[in-house]
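Derivation of every value follows stated rules applied to the coordinates shown; laboratory data play no part. What you are looking at is a predicted structure, and each value in this text was computed from that prediction instead of being measured. Ideal geometry is used to build each Cβ from the backbone, glycine not excepted, and the neighbour counts take in all protein chains shown.
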Amino acid sequence: MQRMKRFLGGFCLLVWMSWVQAIEIQHWQTDKAVPVYLISTTDLPMLDIQVLFDAGSVRDGEQAGLARLTQRLSLQAAGGLSTDALAEKLDSLGAVLSGDVDLDMTTFALRCLSQPKIATPALDLLLLALTQADFLLQDFQRKRQQMWVNLEYQQQQPDALASRVFFQQLYGAHPYAQPESGTTASIAKIQLADVKAFYQRHYVAANAKIVLVGAVDLAQAKEIAQKIVAKLPEGEKSPAIAQPVATMARVKHLEHPSSQTHVLIGQLAYDRDDPDYFPLYVANHVLGGSGLTSRLSQEIREKRGLSYSVYSYFVPLKQTGYFILGLQTAHKNLEQALSVAQQEWAKWVEKGVSADELLAAKRDLTGGFALKIDTNSKLAHYLAMMAFYDKPLNYLQTWTAKIEEVTLAQINDALKRRMHPENRLLVTVGTAKATQLINQ
């Protein structure tokens, strides 16, 4: 039975790898030098369009939350259509218009049927949001109030508080320290004129990239991309952001009447182009990235019952990203849970991973990659990442090979060079207070 399962698993992996290798990414620039990325698919008559702007919360300046408020308002009334009228038109087309803001970028996403009678009017509605947002005062006041109320709620949640303190302490004066959703104080100060200025400054061709995935050919895709950029003002590219600077190890505690103490431990890590990306990615799968089979879960949850959930992961960004380890534990168990977590971190850095752990990690990661790109929307998500961070066009095809190429020597060398106890940050939120960082 086990032999049959291995055979079927290997066969499915080979089929999937053949499919991945067959994925063709077409790439060109429009007459306004906007990069466009296309994956033509024929399985479903669907089309996913994403327009990316270098306009994440890192561009908020002194007005934390401005990028997110601008993006949300852009999806309200536009081109003379009220918010309700815009929603009704999208609904009549069976189209979905959405968006997001993270630290680095603002994204607008349209999903609709690919037939021209649907895709053409749906694209027109996307263009209204991108170029003709009305920014009505009542919409501005309503959205700002919604964000403010949500922030008030987050201030009562220990996990949200821990995350906010973690970024503030880790990044200090760097723009990555500011929460994407802003603060109650910053949101209250943002005016409608600030939103309009952000929209006009950042939603421009010089700042944009376009991704298309779905049942359209190259000629159709070029027509769609050209229609988008024709409406966008040329503008200027957003300036480069400085690299964050690591600080010395420190402990930050926030008192909160929570049922458990929430713990975050981390440090600055790497950006999207770092040569240690794959060795550290695989290494983290062993420590805390593989769910219940990870070292952290085995030692903290399974063996000692100190936490229901414990995890770790790297987040690469345009500038230096971060590594984070998180858990929640009963107040009385804080010191023991912290001790075990940090001992496992120290052992991971000092002794690396074993050959068996590396083999299991590679098997999990390569075997699970198919599920990350098995739909058009997932492909569009990955393609957007590739576009924004200027990854090579063969990134998807070489991903599993890059994982397979990682060696024990690369992992253990990268861990020793990149993970620094002297720069570690510990954040606790709850009624139990950590006394110190260990293993420094």
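Some observations on this one:
- Orientation-averaged projection of the stretch 178-318 equals 14.9 nm² [convex hull of Cα atoms, one quarter of hull surface area].
- Estimated Rh, the stretch 250-430: Kirkwood, alpha-carbon pairs, angstrom: 17.4
- Euclidean distance of C-alpha centroids, the stretch 32-47 and the stretch 243-279, integer Å: 37
- Helix-only [θ]222 nm of the chain, DSSP H runs n ≥ 4, -39500 (n - 2.57) each, per residue, nearest 500: -14000 deg cm²/dmol
- Label separation (LYS189 vs GLU302): 5.0 nm, computed from points 7 Å beyond Cα along the C-beta direction.
- Taking the Kirkwood radius as Rh and the Cα radius of gyration as Rg, the chain has a ratio of Rg/Rh equal to 0.99.
- Between THR407 and GLN138, the distance separating the two model label sites (each 7 Å from Cα on the Cα→Cβ line) works out to 6.8 nm.
- When each of the peptides 176-184, 350-358, 330-338 is scored by how many other beta carbons lie within 10 Å of its residues on average, the order from highest to lowest is 176-184, 330-338, 350-358.
- Its Cα gyration tensor gives the stretch 30-180 an equivalent ellipsoid. The semi-axes, each the square root of 5 times an eigenvalue, are 31, 20, 15 Å from largest down.
- From most to least packed by mean Cβ count within 10 Å, the peptides 402-414, 53-65, 195-207 give 53-65, 195-207, 402-414.
- Summarising the label geometry, the points placed 7 Å from Cα in the beta-carbon direction at MET385 and ILE23 lie 1.0 nm from one another.
- Extension gain, THR375 back to SER309 (0.36 nm per residue minus Cα-Cα distance, nm): 20.9 nm
- Intensity falloff of the stretch 333-417 expressed as log10 I(q)/I(0), Debye formula with alpha-carbon point scatterers, at q = 0.13, 0.18, 0.21 Å⁻¹: -0.63, -0.92, -1.01
- Under 20 Å from a label point set 7 Å out along the Cα-to-Cβ vector of VAL251, the amide N atoms of the stretch 416-435 belong to 420-435.
- FRET efficiency estimate (nearest 0.05) - Cβ-Cβ, LEU292 to HIS331, R0 22 angstrom: 0.35
- Förster radius 60 Å - calculated FRET efficiency between THR435 and GLU88, Cβ distance, rounded to 0.05: 0.55
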